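Student: This is the structure, below, for whatever I ask next.
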Amino acid sequence: MDTDTQDGTTLDRKDYPCENCGALLAYKPGMEVLACDYCGHENPIEITQIEVVENDLDSALRDLENSHAVEHVAAVKCDSCAAEFTLAKNETAGRCPFCAVPVVVDPVQVRRLSPDALLPFKLTAKEARTATKRWLKRSWLAPEAMRRHTTADDQFKGVYLPHWTFDADTATRYQGFRGDTYTVTVGSGENRRTETRVRWTPKSGRVTRLFDDVLVPSSNSLPRQHLSRLTPWDLENQRPYADEYLAGYISEAYQVPLTDGFVEAKQIMQTAIERDVRRSIGGDRQRITRLDTRYDDTTFKHVLLPTYLSAFRWNDRVYRFVVNARTGEVQGERPTSVWKVAVLVVLGLLLAGLVLYLLAISEG
């Protein structure tokens, strides 16, 4: 796969054949090596870039095509869920990791900003399956077919999911009111009572906050609530992007444009800024009437985060599991077995009948 860089040169994304047997190498989770699944030979990953580079957001938005490295990716597009992803080099067919529909490599050209950084895989697929089994045990009502599904070696795919991160130095001027509560005694006699009231005082001021690595998922292939619950990610351990880390894994193309990602990042920042403003206003209650925020030194990165995905079809519906391949956190959807529900209902009725029978005996 060719990658266009800022200076117009072209980089080739390479296969990594084993020096001993010629099979394709794959990244070994938790290590800085590519490993051969057939003979066990390992090649160290040569790190040429030491630090992850932040990109100026204003420059990128002014001239998206020329301000940042752009790559043309031969991606597979799923006709069922519209996900776009690159298969591992040695795969020519398989199932979509997002919806379990069979796909064949018939690549479409996707033009996108090239990744700047990634978190390498730390857990193996076996460890991801173990974590998912523990997660499924919390729901006895899940069908046995799903439990068997989690034991299959080919059902868990390592997928790098795309994200944006944003940094910004913010300064916010605010106007609002500080509310201080106090009590007064009103009425007399039987109508005498204590009331709580609020004294409102106008307040204005300025707060500042430096944001680092505000994370915004740029994939629409999975429910957003699943992605948000995979946190925290150890972003302090990001590596500069290198093709070797993708060897043997799937990489999804981002679907949320950079501009939309920054809009979402500002919403996240705004929530934190409002908390700062309320602390600055002080008092027992606060009202914010105006916020004017300036964003300076705004930068971004296109980051790939490692997950294991498994999609399971049950009664014409797709259920998905996603595992954080750094921490083992599992999120997803669990169907309910109709037979198990029926068994519970029957047991409940039998138990209720037994209780009534024992009560009738005791009263007799």
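What follows draws every value from the coordinates through simple rules; no lab data is involved. All values derive from a computational prediction rather than experimental measurement. Note that we place each Cβ from the backbone using ideal geometry, even for glycine, and neighbour counts take in every protein chain shown.
Student: Full-extension gain between Met31 and Gln270, please, as 0.36 nm times their residue separation minus the C-alpha to C-alpha distance.
Tutor: My answer for the length gained is 82.2 nm.
Student: A follow-up question, please. Please go through the residue pairs Lys126/Lys157; Lys133/Lys157; Lys157/Lys301 and name each one whose alpha carbons sit more than 22 Å apart in this structure.
Tutor: Table pairs above 22 Å Cα-Cα are Lys157/Lys301.
Student: Return the sequence-ordered ³J(HN,Hα) values of the range 34-42 in whole Hz as given by the Karplus equation 6.51 cos²θ - 1.76 cosθ + 1.60 applied to θ = phi - 60°, using x for Gly and Pro.
Tutor: Going residue by residue, I get 9, 10, 9, 6, 8, 10, x, 5, 10 Hz, with x marking Gly and Pro.
Student: Within the range 193-221, what residues put their amide N at less than 13 Å from the label point 7 Å along the Cα-to-Cβ vector of Arg294?
Tutor: It comes to 206-209, nothing else.
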